[in-house]
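The values are calculated or read from the model by the stated rules, or taken from the named source; none is laboratory data. Computed from a prediction, not measured in an experiment: that's the story for all the values here. Counting neighbours? That spans all protein chains shown, and the Cβs are built from the backbone with ideal geometry, glycine included. Calculation scope for accessible area: heavy atoms of the full protein, side chains included, ligands and nucleic acids excluded. Shrake-Rupley method; radii C 1.70, N 1.55, O 1.52, S 1.80 Å.
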Amino acid sequence: IFDRLVEQAAARGLLDSTYSIDSTHVEAIQHNDAASWNYDPTAEEYYYGFGCTIVSTGAKIPIAAEFTQAKQADQETAMRVTRDALAVDTPVWMLGDSAYDILDWHDHLLAAGVVPIAPYNPRNTDDPKDIEYRVEDRIEEHSEDVQLKQSILDETYNHRTGVERTNDAVKDCGLGHVRARGHVHARTEVFVALCLRVVIAITNYERGNEPGCEKL
């Protein structure tokens with residue numbers, strides 16, 4: 001159902017040329033034995049629940065997502081959600097924080113004709129590169145004809161806050177605190193919230209409201 005709603009949003013031209021990917025925490029009731037205690041580095045605190053990785057675009061529209069055991073998604077999940085997002089449409093840019101400083105992620109996007117922008121993370125190296133974004137190194141290594149200005153990368157990366165606004169909007173639809181018990185039921189509740197957010201975006205479009213308007 002979620003995939004079908006995203007197709008409807010795309011058919012109405014509600015997506016734009018910039019996708020952003022991020023993970024958020026999903027709190028669960030204490031009686032949900034399938035949940036676990038996780039650490040949220042953004043809030044710098046522990047929470048009991050799950051996680052959700054979301055790709056968003058347009059006016060706070062989630063277009064691909066995966067329910068996870070913890071907030072921080074692993075590389076396999078990041079790649080799967082990215083592939084799901086590209087199956088909807090091909091953007092110009094794909095933005096992620098330093099957690100997405102993943103070589104396979106960058107190379108997959110570049111091969112698809114998408115420019116990935118994620119801050120370079122010099123972890124686990126004694127000889128860090130003099131770059132701000134991993135894509136600078138990937139393009140220099142694989143292409144002699146393409147150049148990206150630092151100012152363009154910075155300006156585009158500033159749009160990544162859009163996925164955080166999407167996360168907040170989906171939490172207003174019920175993502176923030178799931179009351180269902182068990183992993184399967186909790187996952188279903190999360191995707192109901194995602195569906196509701198897409199329905200709101202489509203409904204506002206059909207009513208002629210301004211993009212991002214929350215009237216329903």
I need every pair where a residue in region 125-145 that is among the hydrophobic types (A, V, I, L, M, F, W, C) has its Cβ under 7 Å from the Cβ of a residue that is at pLDDT 80 or above and not in a helix (DSSP H, G or I), sequence separation at least 6 or different chains. ILE131/TYR120; VAL135/VAL115; VAL135/PRO116; VAL135/ILE117
If we keep only residues of region 59-71 that are surrounded by fewer than 24 Cβ atoms within 10 Å (Cβ to Cβ) and out of contact with any strand residue (DSSP E or B) (no Cβ under 9 Å at 6 or more places or on another chain), then the residue modelled with the highest pLDDT is LYS60
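Go through region 1-48 and count every residue that is among the hydrophobic types (A, V, I, L, M, F, W, C) and free of Cβ contacts under 8 Å to residues at least 60 places away in the same chain. Reasoning before the result, please.
Here is the first cut: in region 1-48, the ones among the hydrophobic types (A, V, I, L, M, F, W, C) are 1-2, 5-6, 9-11, 14-15, 21, 26, 28-29, 34-35, 37, 43.
The next check asks that each one be free of Cβ contacts under 8 Å to residues at least 60 places away in the same chain; those that pass are 11, 37, 43.
Residues meeting the conditions: 3.
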Can you tell me which condition ASP89 does not meet? The list is (1) within 14 Å of THR57 (Cβ to Cβ); (2) within 12 Å of the chain's Cα centre (by Cα); (3) not aliphatic (A, V, I, L, M), and all the others hold. (2)
Restricting the search to region 78-97, which residues are of a type outside the set (D, E, K, R) and crowded, with 17+ Cβ neighbours inside 10 Å? ALA78, VAL81, THR82, ALA85, LEU86, VAL88, PRO91, TRP93, MET94, LEU95, GLY96
Going by what's in this entry, would LEU14 be described as out of contact with any Leu (no Cβ under 9 Å at 6 or more places or on another chain), over 17 Å from ASP168 (Cβ atoms), surrounded by 19 or more Cβ atoms within 10 Å (Cβ to Cβ) and among the aliphatic types (A, V, I, L, M)? yes
Considering residues that are within 18 Å of the chain's Cα centre (by Cα) and open to solvent by 70 Å² or more (accessible area, probe 1.4 Å), the number found within region 98-138 is 2
Those residues that are within 18 Å of GLY176 (Cα to Cα) and polar (S, T, N, Q), I need them from region 1-51; list them, please. SER23, THR24, GLN30, ASN32, SER36, ASN38, THR42
Please name all residue pairs, on different chains or six or more residues apart, with Cβ atoms under 8 Å, provided the first residue is in region 183-207 and is modelled with pLDDT of 95 or more and the second residue is hydroxyl-bearing (Ser, Thr, Tyr) and in a helix (DSSP H, G or I). ARG197/THR166
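Kindly indicate whether THR42 is over 24 Å from ILE1 (Cβ atoms) and β-branched (Val, Ile, Thr).
Working: over 24 Å from ILE1 (Cβ atoms): yes; β-branched (Val, Ile, Thr): yes.
Taking the combined requirement at face value, the residue satisfies it.
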Just name the residue that is farthest from the chain's Cα centre (by Cα) out of those in region 155-198 that are open to solvent by 10 Å² or more (accessible area, probe 1.4 Å), among the β-branched types (Val, Ile, Thr) and farther than 19 Å from ASP40 by Cβ. VAL184
